[in-house]
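The numbers here are math on the coordinates, done by the rules we state, and not lab data. Because the structure is predicted, anything quoted here is derived from the model rather than measured. All Cβ positions, even for glycine, are placed from backbone atoms using ideal geometry, and neighbour counts span all protein chains on display.
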Amino acid sequence: MDVIKRKKELVQEFSPMLEKSTKTSKVWIAFLVGVILVGLVAFVIQVVKGHIVTGMRDNVVWGIYIINFIFFVCLSYSGAFISGILHFFKTPWKNSVSRIVEIITVLSLIIGPIFILLCIGRLDRLYYLFLYPRIQSPITWDIIAIMTDLLGCFIYLYLTFIPDFAMLRDNSENAPKWRQKLYKTLAIKYYDTPTQRETLHKITRTMSVMVIALAIVAYSVLAWIFSLTLQPGWNSSIFAPYFIIAGLYSGVSVIIIAMYLIRKFYHLDHYIRKVHFMGAGVILLIISLLFGYFTFSEYFSRWFSHKIEDVKLLDTLFNRYFWNFIFANYIGVLVPVVILFFKKFRTIKSVTFAAVIAILGLYMNRYLIVVPTLESPYMPIQDTRPEYIQYTATWIEWALSFAGIAAFILFFILIMKLVPIIPMSGIIDHEREQKRKPHLSNNH
Amino acid sequence: MANKKTENGSENRRNFLRLGLMSSVSAVAGASLISNLATGEEKKASGEKVRVLTPDGKMVEVDAESINNYPEAVITPEESRKGIPDKKFVMVIDLSKCKNARKCVEGCQKAHKLDDHQEFMKVQLMQNNEEGSPYWLPKPCFHCDEPPCVTVCPTGATFKRDDGIVLIDNERCIGCKFCITSCPYSARTFNWGHKEKFDDKSQPYSPETQVPAAEGTVMKCDFCPDMLRQGKLPYCASSCPMGVIYFGDKNEDIVTNGTETVSFSQLIKDRGGYRHLEHLGTKPNVYYLPAVNRQFPVERGFDVDEEILDRYKDVPIVKEFKEQGKL
Amino acid sequence: MRTKIYTLIFVALAFLINTKSFAQEVNLKNYRVRFGLSTTKQADNSRKLEVSYIASNKKDRKDRVPIYGADINFYNVTEDKDILLGTAKTDKEGTAQLIVPAKQAYTANAEGYINLKAVFDGTDALDSEEDELAIKDVFLELNLKEIDSVKTVILNAYTLDSLQTKIPIDETEIVFSIGGMISNMPIKREFVSDGAFKFEFPEHISGDKNGNVDVFASIIDNDNYGNVIQKKNIDWGINKQITHETNKLWSEAAPIWMYVVLSILLIGVWANYAYSIKNLFDIKKEGKELELKSQNEN
């Protein structure tokens, strides 16, 4: 009876988050919708006029679309990876962040592939990928990986939502009819009986392992799109692990930023506490060191063996892209490392700042992997048209990129209106555990 | 009525194919021997305008197709995947004879209805190092035996045929551009926007001619299989005034530039033939004869439009020439 | 003055716009017409008669215009009359071709020359044209034999006099070549005297996929004989079997291991999904039973 009462309490605690809409949040939503609409206009223009409206041309055939694609998809994979690990190893403070991670995972996996679609010249023939598949093509692998991963993440996310849906169903008598109905359907008659709970735990656990494995495969496949070609800047055997580390780097950073914003706007200081930031900060430190290490060995080996094509690429990077390179690979790594390395520097704000720098640096790092490589092919570019020699993204591309980010944030806000961002079932589980073994009591 | 017409069409096509494939039958082979000796005869390309005089004394310009003997002889995308039986095409480019006359580029552009800067055949100015001797490098698609572009295509829109030719079916292409990034020779181009000429459906589409092109799809040099089926040289080879480009069948070991017909293996052996960027392992089917004992000094190639010349501004020799005020 | 310019522009525009539908009257005085007959005796003993009919600008040598669609009559000229061999139209290159079958009997003159003539009758605009040619009918006998295991090409070339006696030809250049897809590859050029010549067939000739080679012997553009081509096919080529690779990265079907690995991965993952979903249904079922039970109790 105690549990039922506690459940009611929790629902009452979180329901304001689900139901109220403050003025700020309304303004925010309007702004995000506006950005998305601009993106839609840009999309229509691109569809009508063709890819000529982008900055991409015969040498740089992939621009910031593919960078956004890698960024979001890697974000998703790292989300899956982290969430799988949190679940599988029953990390003590996981409850407060696990739902944030799961939402990031699914949202970025929905938004990421939209950017690869923007790279495709004939969207009307997209179904040819299934009609005439060739399994030698890394693109085919990527499509299979993304679809499998998307479904897997959906199932996994849903599994973790079920107990909360059940609690919401049982305790939202005052909520509007559609909400009640929705919760009832989504809760699939879960009554938290011991057998139901056990079954759910069992499949959540297997799915968490599956999601980790899938993330590793999907990461590698994504990296292989680049590293299996002969291009000097891409043809590298460390690309797959490099992408995993880079993905985790962005993933942990986005989680930190999301934690910071959610904590601030929803006043969840009680659940998302300093200890979470410190823990995430230490993880980000480890990953940033690894990321720096991979970046260094990648460029170092190119510079040391100085094959002619590699030298040409490094020349481009250190001349035309000098400041971008410094920002991406020095500031983007060293600043987070310095902030996170010294314990006294670690505060909630500084950790968040380090995460922001890390994300910006990483995005630039991706830009430098994609664009300069395509600008320095084996055969020298001998052309008189400036747009064919050097890539500059047009407003269409930027508008669509920002629309992607806006969509990500908007969907995040909307999902938070559907279920509490802190899993209530997790709190119940935790308290149940505490009762059984009181000596283990620590934080959430 | 319409039915009858198509019947006739397929009949014509069969005849055409037979003619194309059995080109060594006496009539064609004999004729080509003679045309070898009768030099200077410009070959008219199908798909362009031809000016003729009618017996009643009128000068008329006619679409070459309208007096083409085989207008129905279009190889459909499905047929074009097979290739010409028992052939293995190979090109040899003699760098010692190239003077950047750009006739190969122009001939190719005309035949494939390409725009000004869209080139299947590019002539690049190469200088391997500061001291190295600069030379002109006509660069078509290399039709590799291990084509990375074909490997990465997710829909099989680009394919390698049994005769060694790598083609693109623009009705299958989804425009993902993966093939462009995987080609180490920058041989491929993309149709970024819509152009009026894409709507001209008077000539049925064939991957062997790549006409009409389509927006959002990839194109590249195709070795002109439509000409090969008629026992003729590709447009670049036949329009080169210097006889730089040799073309032929590797199986029969014969290549020709239109005036001279020689053994392929002997040519490669005698002249030190090589393939560009051999170390990449793509196994190109285009060979180069090194630029030794040149027929022209490299600066003969600077006699081109300012706009074309501007392409080569980063090559050391061009910088040098500009400093000396020779350009 | 001004009107003159306008007319000029108008004419120029009209020319630019209507090149296809409107014919343009040309001043043929600026053009010199070339009308030339040539003949080729082909390997099957048929004879090809060819007329090239082209107008070329007197001032601009590059400006050459073929005459298209002109009727050309071909004759065998004898002392008393011209025997019509056939008629052909010129094509877009200004060439009219007539293949006279091998069985055609020609009438030769006393010296053994066959007189051939091509005639264009002329129209209101174009003058009539004719060109004549006198050639001897030459026979090329091409034999390919292995003599003491040496592959040898043997050629005999002769004409026949009125009594059908063979008269060997003398001091005539003969080109030997190997048949190719686009053009034939010369392997030997020789001035033949006494009508006979033999040489060793070169090694390393590929031939087609079965190693069959077309060997040609030809006389080209000779004053006395015109063009003569003789051909023999023999399996002296050294071509190896053409192998086509399958299950490569670039072929239509992938290497087998790829199918195996992909199948294992996909089956493993999707089976797990199915298992999870099945368990969800179990949960639902249990919940339903629970609901029924509580309803019954109530």
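Quick look at the values:
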{"item": "Positive-end residue, chain C charge dipole about Cα centroid, Cβ charges, pick of C:ILE267, C:ASN57, C:VAL153", "result": "C:ILE267"}
{"item": "Residue list for segment A:45-73, given a label point 7 angstrom along the Cα-to-Cβ vector of B:GLU307 and an amide N cut-off under 18 Å", "result": "A:58"}
{"item": "Label-zone membership for segment C:184-207, site B:GLU260, 7 angstrom Cα→C-beta point, backbone N under 18 Å", "result": "C:184-189"}
{"item": "Label-to-label distance, nm, for residues given as A:ARG320 and C:LYS232 (7 Å Cα→Cβ offset)", "result": "6.4"}
{"item": "Chain A, dipole about Cα centre (Lys/Arg Cβ +1, Asp/Glu Cβ -1), debye to the nearest 20", "result": "1480"}
{"item": "Ratio of Rg to Rh over segment C:49-97 (Cα coordinates, Kirkwood Rh, two decimals)", "result": "1.14"}
{"item": "Global size of chain C as Cα Rg and Dmax, reported in angstrom", "result": "36.9, 131"}
{"item": "Selection of chymotrypsin sites (Phe, Trp or Tyr not before Pro), segment A:65-143, meeting DSSP coil and at most 14 other Cβ within 10 Å", "result": "A:PHE89, A:TYR127"}
{"item": "Mean shadow area of segment A:229-383 over all directions, Cα convex hull, nm²", "result": "10.4"}
{"item": "Pairwise centroid distance, computed over Cα atoms, of segment A:295-351 with segment C:179-258, Å", "result": "61"}
{"item": "Where labels lie 7 Å past Cα in the beta-carbon direction, separation of A:THR347 and C:LEU144 in nm", "result": "9.4"}
{"item": "Per-bin percent of Cα-Cα distances, segment A:267-358 [5 Å]", "result": "3, 13, 19, 18, 14, 11, 9, 6, 4, 2, 1, 0"}
{"item": "Segment C:138-234, relative contact order [Cα under 8 Å, separation at least 6], %", "result": "28"}
{"item": "Distance histogram for segment C:18-122 (every C-alpha pair counted, 5 angstrom bins, percent rounded to whole numbers)", "result": "2, 11, 18, 20, 16, 12, 8, 6, 4, 1, 0, 0"}
{"item": "Sparse-neighbour loop sites [GluC sites (Glu not before Pro); segment C:223-292; at most 13 other C-beta within 10 Å; DSSP]", "result": "C:GLU245"}
{"item": "For segment C:191-278, projected area of the alpha-carbon convex hull averaged over all directions, nm²", "result": "11.2"}
{"item": "Distance histogram for segment A:29-179 (every C-alpha pair counted, 5 angstrom bins, percent rounded to whole numbers)", "result": "2, 8, 12, 16, 15, 15, 12, 9, 6, 4, 1, 0, 0"}
{"item": "Value of relative contact order over segment A:229-383, rounded to a whole percent, pairs C-alpha under 8 Å and six or more apart", "result": "37"}
{"item": "Kirkwood-Stokes translational diffusion coefficient of chain A, alpha-carbon pairs, 25 °C, 0.890 mPa s, µm²/s", "result": "105"}
{"item": "Reference-scaled alpha-carbon Rg (2.2 N^0.38 Å with N residues) for the protein assembly as shown", "result": "1.23"}
{"item": "Charge dipole of segment C:69-197 about the Cα centre (unit charges at C-beta), most positive-ward option of C:ASN115, C:ILE167, C:ILE187", "result": "C:ILE187"}
{"item": "Tail fraction, Cα-Cα pairs, segment B:191-327, threshold 26 Å, whole percent", "result": "47"}
{"item": "Approximate shape of segment A:359-444 as ellipsoid semi-axes (Cα gyration tensor, √5λ), whole Å, largest first", "result": "51, 19, 7"}
{"item": "Ratio Rg/Rh, restricted to segment C:138-234 and using Cα atoms, in which Rh is the Kirkwood radius", "result": "0.99"}
{"item": "Cα convex hull of segment A:144-198 - mean projected area over all directions, nm²", "result": "4.6"}
{"item": "Dipole in debye (nearest 20) - segment C:138-234, about Cα centre, beta carbon charges: Lys, Arg +1; Asp, Glu -1", "result": "380"}
{"item": "Label-point gap, in nm, between A:LEU414 and C:GLU132 - each point 7 angstrom along Cα→Cβ", "result": "9.5"}
{"item": "Pairwise FRET efficiency - A:ILE238 versus C:GLU245, Cβ, R0 = 35 Å, nearest 0.05", "result": "0.65"}
{"item": "Modelled FRET efficiency - R0 35 Å, A:LYS23 with A:LEU360, Cβ distances, 0.05 increments", "result": "0.70"}
{"item": "Positive dipole terminus of segment A:229-383, leading residue within A:ASN329, A:LEU317, A:ILE283 (C-beta point charges)", "result": "A:ILE283"}
{"item": "Segment A:80-140: Cα Rg divided by the 2.2 N^0.38 Å rule of thumb", "result": "1.65"}
{"item": "Whole-number percent relative contact order across segment A:292-371, with pairs defined as alpha carbons under 8 Å at least 6 apart", "result": "32"}
